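Computed from the coordinates by the stated procedures, all read-outs in this text should not be read as laboratory data. Remember, predicted model here, so these are calculated numbers, not experimental data. Note that each Cβ is placed from the backbone with ideal geometry, even for glycine, and that neighbours are counted across all protein chains shown.
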Amino acid sequence: MKLAVWKRWLCRVVAGGVLVLPVSAYANVSKPVIDGVWAQGSILRGQLARGDSLYFLDRQVPVSSDGYFVLGLGRDFPETATLTVKTAAGDSTDFQYPVQPREYKIQRVEGVPAKTVNPDPKYLARIREEGAQVAVARKVNSDLQHYRQAFQWPLVGRISGVYGSQRFYNGEPRRPHYGVDVAAPTGTVVRAPADGIVTLSHKGMFFSGGTLIVDHGQGLSSTFMHLSKLLVEDGQEVRQGDKIAEVGATGRATGPHLDWRMNWFDQRVDPTFLVPPMSEVLAEDRAAANQDKSADKTKQVQ
Ligand SMILES: [Zn+2]
């Protein structure tokens, strides 16, 4: 039994009149209701008792007036997550959750010429400036609650890169890949996976090329990279399914694809926690296409 649960159970026994003990400070704190898995890279949505506040990773978690919140766990999140809940009355309890570790795809590439691995120093100032712009957009803490929607894939296609994978060039580790890549021809439409507000729209960043960031609220954002065309502007409101951009191979990309990333503030999270498996979506698409074909045939017969 978890300690907090046990303590609440004890207090219930006490309240039942068996014996009277001073009520402990954490006895009156309700455990948050959580939807999601405690795993590295995960995105969890939940609800607190009204009026309670929540602390996680040294920050106060944004909570809506009706108690809703979202959290994210980074790629290398340690084995235990601690949520601290405080009531308006000043009671406080730590709730602990074991975090499932994940195994990430590791690729070792030898004999890579050094100059293709590291960017030319003359671009460093630009790279730093663009990184700062992205960081600002991901820090946005709005009270939107679009993170509560059922998300959908921004486009349907073959997954060509997964979250967390890492390459070693000549034995040296590179930054892990934090997005999910979907291969598609240049010009393929990218749709908003959920409602949101555009917080960054940049035609050509050094690494990520055409880049869009959409805020879904309370720290959760989507980033779309290597776009050939941006169809929305900074500050624009988007609805789920709206056309927001077109796939490209801009920035550092070996071929046209969409790189979709998600952040909960500075925690880089895995978007696939919010959408159905791509294999299912592809199978549904095929079934729908077959149905269309047989409907056409029926029409021809008639
Ligand atoms: Zn990618």
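Within the group GLY131, GLY157, which residue is under 24 Å from SER222 (Cα atoms), free of Cβ contacts under 8 Å to residues at least 24 places away in the same chain and surrounded by 12 or more Cβ atoms within 10 Å (Cβ to Cβ)?
Numbers: GLY157 fails: free of Cβ contacts under 8 Å to residues at least 24 places away in the same chain.
Sole residue among the options that is under 24 Å from SER222 (Cα atoms), free of Cβ contacts under 8 Å to residues at least 24 places away in the same chain and surrounded by 12 or more Cβ atoms within 10 Å (Cβ to Cβ): GLY131.
What number of residues within segment 170-200 satisfy the criterion of being surrounded by fewer than 18 Cβ atoms within 10 Å (Cβ to Cβ) and either of a type in the set (Asp, Glu) or assigned to a loop (DSSP other than H, G, I, E, B) (or both)?
The qualifying residues number 9.
Scan segment 170-192 for residues that are in contact with a Ser or Thr (Cβ under 6 Å, 6 or more places away or on another chain) and more than 14 Å from the ligand (Cβ to nearest atom) and report the count. Give the derivation first.
Of all residues in segment 170-192, those in contact with a Ser or Thr (Cβ under 6 Å, 6 or more places away or on another chain) come to 177, 180-181, 183, 186.
Keeping just the survivors that are more than 14 Å from the ligand (Cβ to nearest atom) gives 186.
Residues meeting the conditions: 1.
Does segment 208-217 include one or more residues that are of a type in the set (Gly, Ala, Ser) and over 23 Å from GLN267 (Cα atoms)?
First pass over segment 208-217, keeping only residues of a type in the set (Gly, Ala, Ser): 208-210, 217.
Filter again for over 23 Å from GLN267 (Cα atoms), leaving none.
No: segment 208-217 contains no residue that is of a type in the set (Gly, Ala, Ser) and over 23 Å from GLN267 (Cα atoms).
So, in segment 142-169, of the ones that are more than 30 Å from GLY67 (Cβ to Cβ) and not in a loop (DSSP other than H, G, I, E, B), which residue ends up nearest to the ligand (Cβ to nearest atom)? Don't jump to the end; show me each part of the working.
Initial filter on segment 142-169 (more than 30 Å from GLY67 (Cβ to Cβ)): 155-162, 164-169.
If we keep only those that are not in a loop (DSSP other than H, G, I, E, B) too, we end up with 158-161, 166-169.
Working: ARG158: 13, ILE159: 11, SER160: 8, GLY161: 5, GLN166: 12, ARG167: 11, PHE168: 17, TYR169: 16 Å.
So, considering only residues that are more than 30 Å from GLY67 (Cβ to Cβ) and not in a loop (DSSP other than H, G, I, E, B), the one nearest to the ligand (Cβ to nearest atom) is GLY161.
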